[in-house]
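Enquirer: Have a look at the structure that comes next, please.
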Amino acid sequence: MNELIGTIDWSRAQFALTAMYHWLFVPLTIGLALIVAIMETIYVRTGQKAWKGITKFWMTLFGINFACGIATGLILEFQFGTNWSNYSWFVGDIFGAPLAIEGLFAFFLEATFVAVMFFGWNKVGKRFHLTATWLTAIGVTLSAFWILVANAWMQNPVGMEFDPTQMRNVMTDFWAVAFNSVAINKFFHAVFSGWTLAGVFVCGISCWMLWRRRNIEAARRSIKTGAWVGLAGLLLTMYTGHGSAVEVARVQPMKLAAMEGLYDGHVNEELILFGIYNSEIETNPQAEPIKAKIAFPGGLSFLANGKTGTFVPGINDLIEGREITPAGDTINTISYRERMSRGAAAQQALRDYDQCVACGDTAGMEIARKEIAANYQYFGYGFLNTPEEAIPPVGLTFYSFHIMVALGMFLLLFFLVALYAVYRRPAFFDKKIVLFIGLLSIPAVWICSQAGWIVAEVGRQPWIVQDKMTTGSGISDIGSGAVQTTFWIFAILFTLLLVAEISIMLRQISRRSKKDIQNDND
């Protein structure tokens, strides 16, 4: 048993490590691709060669980051086969489809046009090169779409049914999977957050150039483009964030409760703006979950249902079977213990079906099939030993969510001040403190981005497929020692890759900024 627990924990840690490193590169790739395309569009439309030099400067940084994202992404996908083979078998018919399509986009659309984008200067016409740049940006975005479709399906499994003959899930409706409402919200939220991150990155690097008094005009032009893209991305991220919260309330109410540290729900539930999570609540039901809090009355009800005065269930409500309708009304549903009982019944029926197949009992197979279908909705609960195992790590989810929101507010103020200063108060950027805040915003936006991803993934635990399969039941039959070894190998390699990327970027920024960027038109 200890060996199994070790394998589960180390496999989760390894996948989390790879995913978090990969997510360092993905949003910057998405956002920088758009910014580079916009800058090149300005160059083509105005004919100002200064914009060509600026475009090439940021395109170089995009290329460095793009390569690192590919390296970590490939390893991430391989882990489904090496560390999560049970999961891959259970849902591979569905999960593999969007990943295959993403591979086509990545290796055909992106790989083709990114070559023209980098090596086609002065070899193809301006408009052809601009088209290649935009198609690269579109290809990067579409690749993200199919990855997020796969991820969203894990959080809201639709368009499939369980086939006891194969003992796996099979796809019945590709379009239901592709246009899953969770996937649509997740896709736009991730893409717009990438615009935000890249906007901050461009503004922050430009602040460094202003600090060193290098390429001042190029830096100011870059700030204008980066801040507008970043502001648009942030506002749209906030809008889609509300849509995501609505979807979470609908399909993953336990995650929403963990995000707010909500144990006992109420009508007109408040939204916590600031608070300290009290871990004593996990052992003492009488303890106050959140201490020293500042809250907005009715805010969580509005976030989840679009109107105040509605009931939002807490962790205890969900375990006991009190949930919420799409209209926001309180209803009594089956408790988690009952779900565990039905899940166990579905799993037993599957074992019975397998035995009937072995002995050729057709009538028994049909009875077992009906029993599986009747209870399959709660199949995954049969893996739980207690209802409490269905509660995600509340403290980590709570703090990650509120860090994300707080940093989002900081970034909104940052973009507004940057745009006001660059258009109305250029002398504002002569102040060292302003430029330092610009530099500080770069790690801040990455922390914000990582916090959002932690909310999405930690908040859905213990599920690898919501309600259908727990994380512990999806692992491969390998020893914990092997996983632990590869964890540290990946940790070292990814850290070296990150250090190399930062080093190369800094070298390129320093070297190229010493030249006249606006006249780098070779």
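The values are calculated or read from the model by the stated rules, or taken from the named source; none is laboratory data. What you are looking at is a predicted structure, and each value in this text was computed from that prediction instead of being measured. Positions of Cβ are backbone-derived with ideal geometry, glycine not excepted, and every protein chain shown enters the neighbour counts. Areas reflect the complete protein model, heavy atoms only, side chains present, ligands, DNA and RNA absent. Shrake-Rupley method; radii C 1.70, N 1.55, O 1.52, S 1.80 Å.
Enquirer: Taking the dipole about the Cα centre of the chain, with the C-beta of Lys and Arg at +1 and of Asp and Glu at -1, give me whichever of Trp10, Leu413, Phe436 is farthest to the positive side.
Expert: Final value for the positive-end residue is Phe436.
Enquirer: Can you list the lysines whose alpha carbon is less than 23 Å from that of Lys431, not counting same-chain residues fewer than 8 positions off?
Expert: The reachable lysines, counting only those whose Cα sits under 23 Å from Lys431, are Lys224, Lys514.
Enquirer: Another one. Quick one: what does P(r) look like for the stretch 87-200 with 10 Å bins over all Cα pairs, in whole %?
Expert: Histogramming the stretch 87-200 at 10 Å steps yields 14, 34, 29, 16, 7, 1 percent.
Enquirer: Note down the magnitude of the dipole of the chain about its Cα centre, charges +1 on Lys and Arg C-beta and -1 on Asp and Glu C-beta and zero elsewhere, to the nearest 20 debye. Display every interim value, and only then the final one.
Expert: Values: 39 positive and 39 negative charges, 731 e Å.
With only Lys, Arg, Asp and Glu charged at Cβ, the dipole is about 3520 debye.
Enquirer: Using only the Cα atoms of the chain, what semi-axes does the equivalent ellipsoid have when each is the square root of 5 times a gyration tensor eigenvalue? Give whole Å, largest first.
Expert: Details: eigenvalues 394, 158, 80 Å².
Calculated on Cα positions only, the semi-axes equal 44, 28, 20 Å.
Enquirer: Would you tally the net charge around Met160, using a Cβ to Cβ cut-off of less than 14 Å, leaving Met160 out, and scoring K and R as +1, D and E as -1?
Expert: Details: positive: Arg168, Lys468; negative: Asp93, Glu161, Asp163, Asp173, Asp467.
Summing Lys/Arg as +1 and Asp/Glu as -1 gives -3.
Enquirer: If I model a spin label at Gln286 and Ser503 as a point 7 Å from the Cα along the Cα→Cβ vector, what separation in nanometres do I get?
Expert: 5.9
Enquirer: Starting from the stretch 166-215, pick out the chymotrypsin sites (Phe, Trp or Tyr not before Pro) whose DSSP state is loop and whose Cβ has at most 14 other Cβ atoms within 10 Å.
Expert: Here the chymotrypsin sites (Phe, Trp or Tyr not before Pro) that fit, given the DSSP loop and packing criteria, are Phe179.
Enquirer: Using helices alone, what [θ] at 222 nm do you get for the chain, with -39,500 (n - 2.57) per DSSP H run of 4 or more residues, divided over all residues and rounded to the nearest 500?
Expert: Details: 16 runs with 360 residues, N = 522.
Only helices count here, giving -24000 deg cm²/dmol.
Enquirer: For an R0 of 35 angstrom, estimate the FRET efficiency from the Cβ-Cβ distance between Trp488 and Ser279 and round to the nearest 0.05.
Expert: On the way: r = 29 Å, r/R0 = 0.83.
Efficiency, rounded to the nearest 0.05: 0.75.
Enquirer: Report the gain in length on full extension from Ser85 to Ala16: 0.36 nm times residue separation, minus Cα-Cα distance, nm rounded to one decimal.
Expert: On the way: separation 69, 0.36 × 69 = 24.84 nm, distance 1.66 nm.
Value of the extension gain: 23.2 nm.
Enquirer: Let me ask another. May I ask which residue of Ile147, Asn268, Thr471 lies farthest towards the positive end of the charge dipole of the chain, with charges of +1 (Lys, Arg) and -1 (Asp, Glu) on Cβ and the Cα centre as origin?
Expert: Of the candidates, Ile147 comes out farthest on the positive side.
Enquirer: Let me ask something additional. If each of Lys431 and Ala67 carries a label point 7 Å out from its Cα toward its Cβ, how far apart are those two points in nm?
Expert: Result: 4.0 nm between the two label points.
Enquirer: Let me ask another. Run the 1.4 Å probe and let me know the accessible area of Lys431, rounded to the nearest 10 Å².
Expert: Rounded to the nearest 10, the figure is 110 Å².
Enquirer: Using 0.36 nm times the number of residues separating Ala373 and Lys307, minus their current alpha carbon distance, what extension gain do you get? Mind showing how you got there, number by number?
Expert: On the way: separation 66, 0.36 × 66 = 23.76 nm, distance 3.58 nm.
Net length gain for the segment: 20.2 nm.
Enquirer: How much of Cys356 can a 1.4 Å solvent probe reach, expressed as accessible area in Å² and rounded to 10?
Expert: Surface open to solvent at Cys356 totals about 20 Å².
Enquirer: Hey, another quick one. Students often check this: by mean Cβ neighbours within 10 Å, which of 88-95, 486-493 ranks highest, and how do the rest follow?
Expert: Working: 88-95: 20.1, 486-493: 14.8.
Taking the mean over residues of other Cβ atoms within 10 Å, the ranking is 88-95, 486-493.
Enquirer: With each pseudo-label sitting 7 Å past Cα toward Cβ, what's the Tyr423-Ile447 distance in nm, one decimal?
Expert: Result: 3.0 nm between the two label points.
Enquirer: Work out how much length Ile294 to Thr46 would gain on full extension: take 0.36 nm times their residue separation and subtract the Cα-Cα distance, in nm to one decimal. Don't jump to the answer; show the numbers that get you there.
Expert: Working: separation 248, 0.36 × 248 = 89.28 nm, distance 5.03 nm.
Going from the current span to full extension adds 84.2 nm.
Enquirer: If you don't mind, another one. With a cut-off of 8 Å between alpha carbons and a minimum separation of six or more residues, what is the relative contact order of the stretch 223-380 in percent? Spell out each step's value before the answer.
Expert: Details: 232 pairs, mean separation 27.0, N = 158.
It rounds to 17 percent for the stretch 223-380.
Enquirer: Ranked from highest to lowest mean number of other Cβ atoms within 10 Å per residue, what is the order of the peptides 403-415, 273-285, 53-65?
Expert: 53-65, 403-415, 273-285
Enquirer: Show me the GluC sites (Glu not before Pro) within the stretch 330-379 that DSSP assigns to loop and that have at most 10 other Cβ atoms within 10 Å of their Cβ. Can you show the working numbers first?
Expert: Working: sites: Glu338, Glu366, Glu371; in loops: none.
Of the GluC sites (Glu not before Pro), not one in the loops of the stretch 330-379 has a Cβ with at most 10 other Cβ atoms within 10 Å.
Enquirer: What are the lysines whose alpha-carbon lies under 23 Å from the alpha-carbon of Lys123, with same-chain residues fewer than 8 places away excluded?
Expert: Answer for Lys123, where 23 Å is the Cα cut-off: Lys49, Lys52, Lys56, listed by chain and number.
Enquirer: What does the net charge come to around Thr41 if you take all other residues with beta carbon closer than 12 Å to its beta carbon, with K and R at +1 and D and E at -1? Intermediate results must be reported in sequence, preceding the final value.
Expert: Numbers: positive: Arg45, Lys52, Lys126, Arg127; negative: Glu40.
So the environment of Thr41 carries a net charge of +3.
Enquirer: Looking at Trp134, Cys207, Tyr381, which one has the Cα that reaches farthest to the positive end of the dipole of the chain (charges on Cβ: Lys, Arg +1; Asp, Glu -1)?
Expert: Selected residue: Cys207.
Enquirer: Report the Cα centroid-to-centroid distance between the stretch 208-255 and the stretch 74-149 in angstrom, as an integer.
Expert: So the two Cα centres are separated by 23 Å.
Enquirer: Sticking with this one: Hey, can you list the DSSP H helices of the chain whose Cα span along the axis is 18 Å or longer and whose average Kyte-Doolittle score is at least 0.0? Mind showing how you got there, number by number?
Expert: Numbers: long enough: 2-46 (66 Å, 0.89); 49-82 (50 Å, 0.72); 85-104 (25 Å, 0.64); 126-155 (44 Å, 0.79); 181-211 (45 Å, 1.27); 216-251 (50 Å, 0.51); 336-359 (34 Å, -0.79); 362-375 (20 Å, -0.14); 394-424 (45 Å, 1.85); 432-458 (39 Å, 1.66); 480-513 (48 Å, 1.03).
Membrane-span-like by this criterion, though nothing is claimed about a membrane: 2-46, 49-82, 85-104, 126-155, 181-211, 216-251, 394-424, 432-458, 480-513.
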